[in-house]
Amino acid sequence: MEDLAPNEERTAFATAARRAMETCPRADGAAAARHLAETGLLGMLAHEEVGGLGLGLADALPVAEAAGATLLPFPLVEILLAAAELHRILPDAALALVGGEAVASIGWRGRLSAEDTASGWRVTGSLGRVPMAEQARWLIAPVCLPGQETVAGIAVVDLLQARPEAVPDEGLDLERPAATLSFGAPVAAEIHLDNGGAWGRIAAHGALLRAADMLGSAEASFTAASEHVSTRRQFGRLLVANQVLRHMLARDHLALVGARHSLAHAAMQTDAAAPDAETARLVACAVAAEACVHAAENAIQLHGGMGFTWDLPLHRRLRRIRAATALFDAVAARAALAEQVLGQA
Amino acid sequence: MTNDRHTHSPSQGIDPGGNDEAAYRQRARAWLEANLPRQWRGDQVDFTAPSFDACRDWERRLHGAGLAGITWPTEYGGHGLSLREHMIANEEIGRLAGPESVNSFAKEMAGPIMLGIGTEAQKRRFLANILTMQEIWCQGFSEPDAGSDLAGLRTRATRDDNGWRIDGQKIWTSNAHNADWCLLLARTGPAEHKHNSLTLFTVPLRQPGVTIQPIQQITGHSGFNQVFYDGARVPPDGAVGEVNAGWRAAVSVLEIERATNRMYRTNRFENEFNHLLRVCRGDAALRTLLADRHYRQRLAATFADIEVLRRHVRAAVASILRGGGIGGAGSFIKLHWSEAHQRFVELAMELLDQAPVPASPEVAAARRRFEGAYLAARAETIYAGSSQVQLNIIADRVLRLPRER
C-alpha cells in the first residue's frame, strides 16, 4: 500500500540538500551551481550516464521543498529537469549541468518556431518568464514547426552564442528574477522532435516541483507565524491564547498537510507512469497553489505590522509562491482538472 | 428485536488472500455487487431506504461475508485481518452507497473500547453479538448541560448491594429507540474530579428505569433521543474499565477509532459526485451547466476535495501499519470531510434546482437524495466533535501551540 511519508533515504538526502542550500552563495549563479553540485543534488533526476543519480520525482520533492524553505536564489527546478532531459540530446550539456559547471533555464511561457534550413535548425520567437536567464548558458523551450500550432519538440539554445534580447520581467520573485527573451533574427539551436513528449514531461514535472518549492516556502512562513504568536504578548497574554488565531493556524496546517499528501501521491503516480498520474498532478497543483498562497498571506497577517516590513522574509516567500502560481495557479489547475473529470467545456 | 440466531462462521467470508490488495478488493466488490439490492443504493433512480430490520439483516450478511468486524480477533467473532483489509472493504462498501450502519456506535466505538479495556467476560458476552447484529448499541455520553465538554457530566452511578443504580439524563442518543444496550458515561466520584470520576457502564436499555423520548431532527426524522435514567439498574460487573479511570483509557481507544472508522466515506462521497454528474449529463438543461466555467471550477474543486480526503485516510492507515502514530489524522479527516461534503451538497442543490419542470425521474431521484443530504450535512460539522472542537484538537495536540490564559 502506498505510503506517502518520505522514507529514511529520501529524508536524509533532502536534509543534506537543505544544508547545502543554507550555505549556498547567494549572488553568483555559477558559484551556487558549483556549491550545490558537490552534494550530487543537481543530477538527482539525471541519467547515470551523465553523472546523475537517476532518482524519481518522489525523491526530488523534498529537495525542491528545501529550496523553497531556504529561498534558494537558483533555478533549481529548471536545472534538475534540463539535466534529466538533455542526456540524449546534448550529453555534454547534461554533464556540465550535473557537475555544476553551467546553469540552464527554461522558457515557461511562449514557444519558439523552428525551421530546418540549409545550414541546420534555426529558431525565432519570444519566451516569457525565463528564470535567471542572464546567468544561464543553456535554454530549453518548446518549439512548433512552421504552420503548426502544437508543440512538436524542444529546442536547446546555447545562450552564449544566441545572445537574445533580454528584458527583465515584472515578476514578484526577488530571488529568481525572470526575463523575457526575444530571438529577433533566427539563431541556431539543437532541436529534438518527439510530438511534444519531452516538453509535456518538463511542464508536468516542473509544475510538481514548483508546487513543492511553494510548499517549502509556505511551511517556513507558517512556522514563523506559529512561533511569533506563541511568543508575543499583547493585552497581558500571549497572542496565541486567542482562539481565533489558533483556528487560523489549524486551518492552514490542515490545508498544507492535504497539499503535502497530494504532491507526494502525484509524484509517486508520475514515477510509476500510472494512468491517473495527470489527474493526480492537477489535483496536487490545485490544492497546493491554494493552500500555499493562503498560508503565506495569513503568516503576514499573524505578524501584524511587522509582517508588512521588508526586513522579515515573509514577503519574499509570498513573492516566490505568487511567482510560481503565475505560471499555473489554482484556477488554471482546476480548469485543467475539469477537462479531465468533466470533459471539454 | 429478532430472535434469529443463525450465525456465519468467518470461514464462509470472502478469502482475504495474502498481501494481494487488488484481488481482495475484487472479491469484496464482487460480493457486494451480487448481494446489495440495487434499490438500496443511494444513486439509483428507484432508491428506497431499507427498513431497520432489513438493515439489520444486511449487516449480519456483511459480517458473514467477512466485510464487517474485519480487524476484530476471531475469538470474538471478528475476522482477524489488518487495517488494510478494513480500509479496502469499506472503500468498496462506500462505492455502492449502501445503507449506513444501524449499529455503527457498537462497531466503531463500543466494541473497540471493550476490546481495549473490557474484561474477558465482557468481550465474550458482547462482541460477537454486535457483529451478528443480535444486539444494537447506543451511546450515552452527552447531557443537556454538557455537550462536547464531558467534564461537566452529572448523570450519577451509585454502587449498592445489587450492583449500580443510574440516575440522570442523556441527550443526542442516536438510535436509542432501536437499541438493546447503552454504553453510558456516568459520574462515580466527586464532580470536582472532572474526567477522573467518570466510569463507563453497559446499561440494558429495556428496563423500567429507562425512558426514551425521540427528538425530531431538521430532516424530519427522529434519529436521536433524550434518555432518562431513573433508578436504572446495572449489574455489579457492568463497569467497563476501571471505576473512575475508564474514561481516560477509552479516550485513547477513541483517538485511533476517529481516524479509522467510516472509511467508506471517501467513496460514498465519490458515489454522490458521480451520481450528480451522471444526472446532469443526462438532462439537456443541466448538461449546459457542466460547460459553465463557474460550475466547472467548483466541480473540479469537489473532485480535488475527494482526492485529498482519500490521501488523508490512506496516510493514516499507512502510518498505523508501519507502526507510526495517528497524529492528527482523525481530526484532519473529520474536519476536511465534513466541510468539503457540505460545500458539495450545496453545489448539488444549486445545479439540480435549475432542471426544467416536470423533472425526469432521474433528476427527481437525485433531488430527493441531495435535498436529504443537504439537510443531513448540517449535522456533519457538529457531531463527533464539531469543526471548532477539531480545530482546537489540531491547535492543541498537533501543533502544540502553548495554552496560556
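The values are calculated or read from the model by the stated rules, or taken from the named source; none is laboratory data. Predicted, not measured: the structure shown is a model, and the values here were computed from it. As a convention, Cβ positions derive from the backbone with ideal geometry for all residues, glycine included, and neighbour counts pool all protein chains shown. In case anyone asks, the SASA skips ligands and DNA or RNA and just uses the protein heavy atoms, side chains included. Shrake-Rupley method; radii C 1.70, N 1.55, O 1.52, S 1.80 Å.
A few remarks follow.
- Qualifying positions in the stretch A:158-185 - touching a Pro at 6+ places or on another chain (Cβ under 8 Å) and within 22 Å of residue A:86 (Cβ to Cβ): A:176, A:178, A:179, A:181, A:183
- Those residues of the stretch B:368-398 which are within 17 Å of residue B:259 (Cβ to Cβ) and over 22 Å from the mean Cα position of the chain (by Cα), in sequence order: B:396, B:397, B:398
- Within the stretch B:86-127, being more than 18 Å from the chain's Cα centre (by Cα) and crowded, with 21+ Cβ neighbours inside 10 Å holds for B:118, B:126.
- Flag if residue A:218 is open to solvent by 20 Å² or more (accessible area, probe 1.4 Å), more than 10 Å from every other protein chain (Cβ to nearest Cβ), under 30 Å from residue A:11 (Cα atoms) and among the hydrophobic types (A, V, I, L, M, F, W, C): no
- Some residue of the stretch B:376-397 being within 19 Å of residue A:258 (Cα to Cα) and part of a loop (DSSP other than H, G, I, E, B): yes
- Out of A:282, A:312, A:318, sole residue that is outside any helix (DSSP H, G or I) and either more than 14 Å from every other protein chain (Cβ to nearest Cβ) or in contact with a helix residue (DSSP H, G or I) (Cβ under 9 Å, 6 or more places away or on another chain) (or both): A:312
- Of residues in the stretch A:221-238 being open to solvent by less than 60 Å² (accessible area, probe 1.4 Å) and more than 10 Å from chain B (Cβ to nearest Cβ), the one farthest from the chain's Cα centre (by Cα): A:228
- Pair list, Cβ under 7 Å, 6 or more apart: the stretch A:210-232 residue under 25 Å from residue A:130 (Cα atoms), other residue open to solvent by 10 Å² or more (accessible area, probe 1.4 Å) and acidic (Asp, Glu): A:212/A:65; A:213/A:65; A:215/A:65; A:216/A:65
- For residue B:342, the criteria (1) without any contact (Cβ under 8 Å) to a residue 60 or more places away in the chain; (2) closer than 30 Å to residue A:264 by Cα; (3) part of a loop (DSSP other than H, G, I, E, B) hold in every case but one, which is (3).
- Residue in the stretch A:332-343 that is more than 14 Å from every other protein chain (Cβ to nearest Cβ), at pLDDT 95 or above and either open to solvent by less than 40 Å² (accessible area, probe 1.4 Å) or under 27 Å from residue A:197 (Cβ atoms) (or both) present: no
- Taking every residue in the stretch B:286-301 that is more than 21 Å from residue B:340 (Cβ to Cβ) and more than 10 Å from chain A (Cβ to nearest Cβ) and pairing it with any residue that is of a type outside the set (D, E, K, R) and surrounded by 17 or more Cβ atoms within 10 Å (Cβ to Cβ), at least 6 positions away or on another chain, the pairs with Cβ-Cβ distances below 9 Å are B:286/B:279; B:286/B:280; B:286/B:351; B:286/B:352; B:286/B:355; B:286/B:363; B:287/B:280.
- Test result for residue A:230, among the small types (Gly, Ala, Ser), at pLDDT 95 or above and either part of a loop (DSSP other than H, G, I, E, B) or farther than 29 Å from residue A:269 by Cα (or both): yes
- Residue B:288 more than 19 Å from the chain's Cα centre (by Cα), crowded, with 18+ Cβ neighbours inside 10 Å, among the polar types (S, T, N, Q) and assigned to a helix (DSSP H, G or I): no
- Filter pass, residue A:114 being surrounded by 20 or more Cβ atoms within 10 Å (Cβ to Cβ), touching a residue at least 12 places away in the same chain (Cβ under 8 Å) and of a type in the set (Gly, Ala, Ser): yes
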